[in-house]
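Comments concern the structure below.
The values are calculated or read from the model by the stated rules, or taken from the named source; none is laboratory data. None of these values were measured; they are calculated from a predicted model. Positions of Cβ are generated from backbone atoms using ideal geometry, with glycine treated the same way; all protein chains shown enter the neighbour counts. The accessibility values were calculated without ligands, DNA or RNA, using every heavy atom of the protein model including side chains. Shrake-Rupley method; radii C 1.70, N 1.55, O 1.52, S 1.80 Å.
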Amino acid sequence: MEIGVLALQGAFIEHEQALQRIGVEAREVRLPEHLEGLDGLIIPGGESTTIGKLAVQYGLMEPIRAMAAGKLLWGTCAGMIFMAKDVGRDQPLLGLMDVTVQRNAFGRQVDSFETDLDVPAIITPENERPFHAIFIRAPFIESVGAGVDVLAALSNGAIVAARQGRLLATSFHPELAYDDRFHRYFVSLAV
């Protein structure tokens, strides 16, 4: 299996390292031809407007949309924003997941935080503990459409992880947690 990591901006190296730790080959994606032969793509955290503008500039919008029709796609933080159908403002979006996302939902950089989340989808007999999630100027999902499963929410009800078929979105940064369960879960969606 080979998973691409969109390497235009943001925390792409950490995703590559997490994939390598679980035995999955990782490829940096910067141009449409880099998508060829991949089993999936991770769109990392960073700055969603910048990622969107660069994806437009490098001709990646339609190739990523086409890839998502049959392959795995995961957006973390800014990647989740980029995958959403609606973010309440004008910016380049893939519009793939039937979710409405609020950008910077928890405040500024200084308001970033960490918390433990109960995520039944990633629990294994070997590891039943909560997932330690790192939120950095994070968005959250305000609403989900039909066919979208909520995987995790904060105690206040804010949705922070969701799945729609082979599409996965997290508002936090699993690649920074040194817990590869979300990467393993993502790869398992290919089966």
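A few notes on this one:
- Carbon and sulfur %, accessible surface of region 34-163 computed with the full protein complex present, 1.4 Å: 48
- Surface per residue (accessible, 1.4 Å probe) for the chain, Å²: 44
- Top of ILE42, ILE22, ILE81 by mean-square fluctuation, Gaussian network on the chain, Cα under 10 Å: ILE22
- Convex hull volume per residue, computed on the Cα atoms of the chain, equals 108 Å³.
- Looking at the chain alone, DSSP beta bridges between its own residues are antiparallel in about 50 percent of cases.
- Rounded FRET efficiency, nearest 0.05, which uses the C-beta distance separating ALA146 from ARG21 and R0 of 25 Å: 0.10
- Longest to shortest principal axis, alpha-carbon extents of region 71-177, angstrom: 43, 35, 23
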